[in-house]
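Let me begin by presenting the structure, written as structure tokens, before commenting on it.
Since every read-out is calculated from the coordinates, none of them should be taken as a lab result. Here the structure is a predicted model, which means the values were calculated and not measured. Methodologically, a virtual Cβ is constructed for each residue, glycine included, from the backbone with ideal geometry; neighbour enumeration extends over all protein chains shown.
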Amino acid sequence: MLGIDIKHIKDLREDHDLSQKELAKILNLSQRAYSHYENGTRKIPLDVLVALADFYGCSTDYLLGRTKEKSETAPPSA
């Protein structure tokens, strides 16, 4: 695994009832490329990571496994 919480990415795709092929088409990727990202055999490029976060309405930190919260909370105002 390359630092990405692969389980979150796969679970989100399955929760949205999408195949790898369908999601790859949405992201303008080949199914093979997306499969490599989901299986952790290749690093996910930043633009794809951001596109996934936007599509799923979650934070990139959630996709990266840095938080268990799907959405970001605003920092407290100073």
Task: Packing-based ranking, highest mean first, of 6-13, 46-53 given that Cβ atoms within 10 Å are counted - done: 6-13, 46-53
TODO: In whole Hz, with x marking every Gly and Pro, tabulate ³J(HN,Hα) for segment 60-67 from phi via Karplus 6.51 cos²θ - 1.76 cosθ + 1.60, θ = phi - 60°.
DONE: 5, 4, 5, 5, 7, x, 8, 8
